[in-house]
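Scroll down for the structure; my scribbles are underneath it.
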Amino acid sequence: MFNHRPVPLLDVSRSNSVIRDEVLEALAEVYDSGKFLYGPQVTSLEKSIAKLCNTKHAVGCASGSDAILLALMALDIEPGDEVICPSFTFFATASAVSRMGAKIVFADIDPRTYNIDPQQIAAKITSKTRAIIPVHLFGQAAQMNDICNLAGNRDIPVIEDAAQAIGAAYHGRPVCSWGTIGCISFYPTKNLGGFGDGGMLAVDNESLADRLRLLGGHGMRPRYHHQEIGINSRLDTFQAAALEVKAKRLDAYTAARQANAARYHHLFEESGLIKSGAIDLPYQDPAAFHVWNQYSLRVHDGRRDQLRSYLTENKVGSEIYYPIPLHEQVCYKNLGYQPEDLPQTHRAALEILHLPIFPELTEEEQVAVVSRISSFFQSARSRAVA
Ligand SMILES: *Cc1c(COP(=O)(O)O)cnc(C)c1O
């Protein structure tokens, strides 16, 4: 058995160390300017993100979670309204709906992509449906053509949760440009990861963009005149300045993630683990430009947790996104879902496992990850034979 250095699930210091001087210089500039909010760096980052998303406007805010909340506020979602979203996602997708007092309606996922299934959405649309929130999970776009057709035929706004998918596209069209409003997160683990919290809204419609900006600044315009009840949610100038340094490199980061995914594919094919039926590799929708925020394995025969412990023992980082679907969370008991009401979601939460995929991951590290996984299944097989 060979030895290897620990392989972390994520190591942000590898990319951050390379740009350290440039980031510190950008921060010093903000420091000296004294414009800590609404600085020019916020405006220029908004411009470059709008361009990336192919939307006319982008509006900075304090986090991806706030972006979703602000989107629902700008669409006037009210108590009694229904909002359809997946249960297989990070909590913030649904909690924003609860914060508005609206009713969450969970739709099941496509078992191949783990993204919300358009047919399941169709089955849950009622006369009270006021918004649909598809999530582009793990960096792969949901089936936006079908979702937007369903929604458009009924005049239902679509809010894209693109927290994990900046730079992704579907049929060549960037995420955030399909729906009514797109929500982006700069949380450090995201593909454009900042140095703390941050978020952005990408939107085509000018009056909607203006309303989002108003709502994120306490509905105040002009100073101390409150047009409506907003919240305090802005992107700091410090954060924007540092993010600009990284945004320039986003294409290279994305390409590195894609190369890592391709290398895993090759290594796993060689390992024979796929043929044996022990695991499934992540499925790539041919219409999707996948940006690989996460690399997910599906582990069969109830072996996921054993494999994860084995990897931990052998110093290979892994994670489960997400171990408890939202419809099975204690805080959502009141919604009345049984685990099996969303069978694909329930199953995915039991079988999925995520491996390191960050841009600076080395080939040597990937070889170590795959060989550790192979040795887990080999030792399990020899135990079964003995
Ligand atoms: C990270 C994430 C969010 C929330 O973003 P924050 O910036 O952490 O608030 C929302 N939805 C999904 C799917 C996410 O992964």
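Does the range 73-84 include one or more residues that are closer than 30 Å to Arg347 by Cα, buried (at least 24 other Cβ atoms within 10 Å of the Cβ) and at pLDDT 95 or above? Yes, there is a match, as at least one residue in the range 73-84 is closer than 30 Å to Arg347 by Cα, buried (at least 24 other Cβ atoms within 10 Å of the Cβ) and at pLDDT 95 or above.
Just a yes or no: is a residue in the range 298-305 small (Gly, Ala, Ser), surrounded by 14 or more Cβ atoms within 10 Å (Cβ to Cβ), at pLDDT 95 or above and not in a helix (DSSP H, G or I)?
The first filter runs over the range 298-305 and keeps only residues small (Gly, Ala, Ser), leaving 302.
Narrowing further to those that are surrounded by 14 or more Cβ atoms within 10 Å (Cβ to Cβ): none.
No, because not a single residue in the range 298-305 is small (Gly, Ala, Ser), surrounded by 14 or more Cβ atoms within 10 Å (Cβ to Cβ), at pLDDT 95 or above and not in a helix (DSSP H, G or I).
The rows are residues; the columns are (1) part of a loop (DSSP other than H, G, I, E, B); (2) over 17 Å from the mean Cα position of the chain (by Cα); (3) surrounded by 22 or more Cβ atoms within 10 Å (Cβ to Cβ); (4) at pLDDT 95 or above.
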position	(1), (2), (3), (4)
His265	no, yes, no, yes
Ser309	no, yes, no, yes
Tyr321	yes, no, no, yes
Tyr332	no, yes, no, yes
Gln344	no, yes, no, yes
Leu350	no, yes, no, yes
Phe358	yes, no, yes, yes
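Annotation for the range 54-62: no member residue is within 20 Å of the chain's Cα centre (by Cα), buried (at least 24 other Cβ atoms within 10 Å of the Cβ) and not in a strand (DSSP E or B). Of all residues in the range 40-66, those that are under 21 Å from Thr254 (Cα atoms) have Cβ atoms under 6 Å from Cβ atoms of residues that are away from the ligand (no atom under 16 Å from the Cβ) and outside any helix (DSSP H, G or I), 6 or more apart or on another chain, in Ala50/His57; Cys53/Pro174; Cys53/Ser177; Asn54/Pro174; Asn54/Ser177; Thr55/Ser177; Thr55/Val203; Thr55/Asp204.
The residue of the range 60-86 that is farthest from Pro343 (Cα to Cα), among those that are more than 15 Å from the ligand (Cβ to nearest atom) and among the acidic types (Asp, Glu), is Asp76.
Restricted to helices (runs of 4 or more DSSP H) entirely inside the range 87-177, those with at least 1 residues that are within 11 Å of the ligand (Cβ to nearest atom) and either buried (at least 20 other Cβ atoms within 10 Å of the Cβ) or among the small types (Gly, Ala, Ser) (or both) are 92-99. When Val42 is tested against (1) loosely packed, with under 13 Cβ neighbours inside 10 Å; (2) of a type outside the set (Asp, Glu); (3) touching a Leu at 6+ places or on another chain (Cβ under 6 Å), only condition (1) is not met. Within the range 269-283, does at least one residue satisfy the condition of being touching a residue at least 40 places away in the same chain (Cβ under 8 Å), in contact with a strand residue (DSSP E or B) (Cβ under 7 Å, 6 or more places away or on another chain), surrounded by fewer than 20 Cβ atoms within 10 Å (Cβ to Cβ) and closer than 29 Å to Gln119 by Cα? Within the range 269-283, none of the residues are touching a residue at least 40 places away in the same chain (Cβ under 8 Å), in contact with a strand residue (DSSP E or B) (Cβ under 7 Å, 6 or more places away or on another chain), surrounded by fewer than 20 Cβ atoms within 10 Å (Cβ to Cβ) and closer than 29 Å to Gln119 by Cα. The set of residues in the range 192-209 being of a type in the set (Asp, Glu) and either surrounded by fewer than 18 Cβ atoms within 10 Å (Cβ to Cβ) or near the ligand (Cβ under 8 Å from one of its atoms) (or both) consists of Asp197, Glu206.
Taking the range 203-257 as the range and being outside the structural domain of Pro356 (by TED's automatic domain parsing), part of a helix (DSSP H, G or I) and among the polar types (S, T, N, Q) as the test, the residues that pass are Ser207, Thr237, Gln239.
In this structure, Leu45 does not qualify as assigned to a helix (DSSP H, G or I), assigned by TED's automatic domain parsing to the domain that holds Val30, within 12 Å of the ligand (Cβ to nearest atom) and under 27 Å from Ala241 (Cβ atoms). Among the residues of the range 178-191, those identified as surrounded by fewer than 22 Cβ atoms within 10 Å (Cβ to Cβ) and within 16 Å of the ligand (Cβ to nearest atom) are Tyr187, Pro188, Thr189, Lys190. Contact map, the range 204-226: residues that are farther than 23 Å from Asp236 by Cβ paired with residues that are part of a loop (DSSP other than H, G, I, E, B), Cβ distance under 6 Å, separation 6+ or inter-chain. Pairs shown: Asp204/Thr55; Asp204/Lys56. Only one of the numbered conditions (1) touching a Gly at 6+ places or on another chain (Cβ under 6 Å); (2) within 18 Å of Met100 (Cα to Cα) is violated by Ala165, and that is (2).
The values are calculated or read from the model by the stated rules, or taken from the named source; none is laboratory data. Given the structure is predicted, the values throughout are model-derived calculations rather than measurements. Reconstructed Cβ throughout: ideal geometry from the backbone, glycine too, with neighbour counts over all protein chains shown.
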